[in-house]
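Peer 1: Shown below is the structure under consideration.
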Amino acid sequence: MSAVRRVYRARRITCFKAENAPPTSLWWRCSSSCHTGPNSQVHKRHKKERLSCKPVLDHFEQQYSQELGDLWIPARSVLLDPHSWQYGVMLNRFTAVTDITQILQSQGFSKFLPQTDVSTLPCEASLSVSSSKYQAGEDSLLSSHCISKCSPSDSHPQPGRSSNANSPDLKSESLVILSHPSLQCYIHPYPLRFPSQAHRHGQLKQYYLLNAASLLPVMALQVRDGDKVLDLCSAPGGKALAIMQCATPALLCCNEPDPHRRDRLAKTLESFLPRSLNSRVIVSEQDGRCFGQSEAVTYDKVLVDAPCSNDRSWLYSCSSQQGEQRLKERARLPVLQAQLLRSALSAVHPGGVVVYSTCTLSSSENYAVVETVLNDCPGTEPEDLWEEIAIPLSKYFTFSPAHPGHRETLHNPPLQPQNDLVSSCHRRLGILVVPQPGMTWGPMFLSRIRRKN
Ligand SMILES: C[S@@+](CC[C@H](N)C(=O)[O-])C[C@H]1O[C@@H](n2cnc3c(N)ncnc32)[C@H](O)[C@@H]1O
């Protein structure tokens, strides 16, 4: 065991302040009305204007019109209209969710993740995806097993596949990699916000609300049963929960140095995970930059969901002064982000992977950080998420793989064959989800790097 000061916080069942969730019948009614479309009466009645912060908007305008080209104007219209934002509902596999599923479906929500019909997969392919089964309602884990042995209810017929995927082989391979039968997220075509769930004494919460693009870094991490996983920047814990929906790692170390945010993280874990997982899911309080030394060559997979200039919230900085202050901090972020990414690459085993993600559109916090670290760290290699994630999920998200100056999008592929190599190199640095009207998910950048030796 390393000398790290690792804090294990016993996840006691505490009574937190109940959130103001309306009773089922009320939100049902609200949802029904909202369901009539984005222009419904209910929607208009609840509309409260939030003022954007001018210095931040001006800064974004200048930077993103250059970096994103044509994608910026529609992205800006989404960022400036919080009432257009969509929310995903991630179900908690550690609870019984049948009632919630029925309500979601009756309100027009549908599952968004591709779920492969395992009966159509070759045996080796289905063997590559293992699924931990947890018996909802009981505080115990059943042993891991291959999805081909799961009951029919575990293999949901998949919703639409991307029409952009070219080769059937590639399509089915990508779907196998992406399929996590136990990770279930529902989305709605309209910006309808399902109410968050109040604390229920002695009971786990059934679902977690999130930006559906937040699941992509977790999917890219490909956590399998028995992996040792580090979530380097973990609070408030949405991605840690998503990891626990995908598989049962031998260890998930959730690290968060900020004490207030760490409390929130501990509460999230306590509200969603059964006590039987207490020994596998631990909370640590280190500066993430230290892990590379204190826990070198320890983990199979590390997620670096880095502190970043969160475009959505920064745009609504409470005053111009706060906005200006944040823009100053913004310039310093890439140094911290690169340090965290280097630390993660040292903490992972040779052969292991690090996923780096942010929720900003800013190229200097995304591609530039990845490029800098790859140059500094021989023996590391970026992996192609374009084929694995962007193509199969292009129906749900608008992806841009491009560096500034290489404005290729999924709907505007390179025409010149000689550009293919360049594009492929840029794609390997990462993919970016750009919010667009009707598909308001993101911003989310993700990149996967494998440590070779
Ligand atoms: C984008 S948020 C993480 C969100 C989280 N992964 C989730 O899905 O809920 C980034 C987090 O990194 C934390 N952070 C800031 N500096 C850090 C550092 N030096 N080491 C580790 N984490 C840090 C912040 O406090 C913040 O909670």
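Here, each number is a calculation from the coordinates, and none is a lab measurement. What you see is a predicted model, and the numbers here were worked out from it, not measured in a lab. Positions of Cβ are backbone-derived with ideal geometry, glycine not excepted, and every protein chain shown enters the neighbour counts.
Peer 1: What are the residues whose amide H is under 5 Å from the amide H of THR380, where those residues sit 5 or more places off or on another chain and H is modelled from the backbone?
Peer 2: Residues meeting the amide H criterion: LYS452.
Peer 1: Another one. Near LEU374, within a Cβ-to-Cβ distance under 13 Å, what is the net charge of the other residues, with Lys and Arg +1 and Asp and Glu -1?
Peer 2: Here the charged neighbours net out to +2.
Peer 1: Can you sort MET444, MET439 by how many other beta carbons sit within 10 Å, fewest first?
Peer 2: Lowest to highest Cβ neighbour count: MET439, MET444.
Peer 1: Something else about it: Provide the gained length on full extension for the span ASP384 to GLN66, in nm with one decimal, where the gain is 0.36 nm per separating residue minus the Cα-Cα distance.
Peer 2: 112.0 nm
Peer 1: Sorted by packing (mean other beta-carbon atoms within 10 Å per residue), highest first, where do 225-235, 74-84 land?
Peer 2: Ranked by mean Cβ neighbours within 10 Å, highest first: 225-235, 74-84.
Peer 1: With 24 Å as the limit, write out which pairs from LYS205/LYS395; LYS111/LYS267; LYS54/LYS267; LYS239/LYS395 have Cα-Cα distances beyond it, or answer none.
Peer 2: Those over the limit are LYS205/LYS395; LYS111/LYS267; LYS54/LYS267.
Peer 1: If you don't mind, another one. By count of other Cβ within 10 Å, fewest leading, how are GLU61, GLU270 ordered?
Peer 2: Ascending Cβ contact count within 10 Å gives the list GLU61, GLU270.
Peer 1: Show me, for region 107-112, the HN-Hα J-couplings you get by feeding each phi into the Karplus relation (A = 6.51, B = -1.76, C = 1.60, θ = phi - 60°), rounded to Hz, glycine and proline as x.
Peer 2: 8, x, 6, 9, 6, 9
Peer 1: Where does each of TRP72, TRP441 land when they are ranked from fewest to most other beta-carbon atoms within 10 angstrom?
Peer 2: If I rank by nearby Cβ atoms, fewest first, I get TRP72, TRP441.
Peer 1: I'd like to know which of GLY238, PHE272, ILE282 lies farthest towards the positive end of the charge dipole of region 233-286, counting +1 on Cβ of Lys and Arg and -1 on Cβ of Asp and Glu.
Peer 2: Value: PHE272.
Peer 1: Still on this structure, please answer the following. Please give the net charge around GLY88, taking every other residue with its beta carbon less than 12 angstrom from that of GLY88, where Lys and Arg add +1 and Asp and Glu add -1.
Peer 2: Combined, the nearby Lys, Arg, Asp and Glu give +2.
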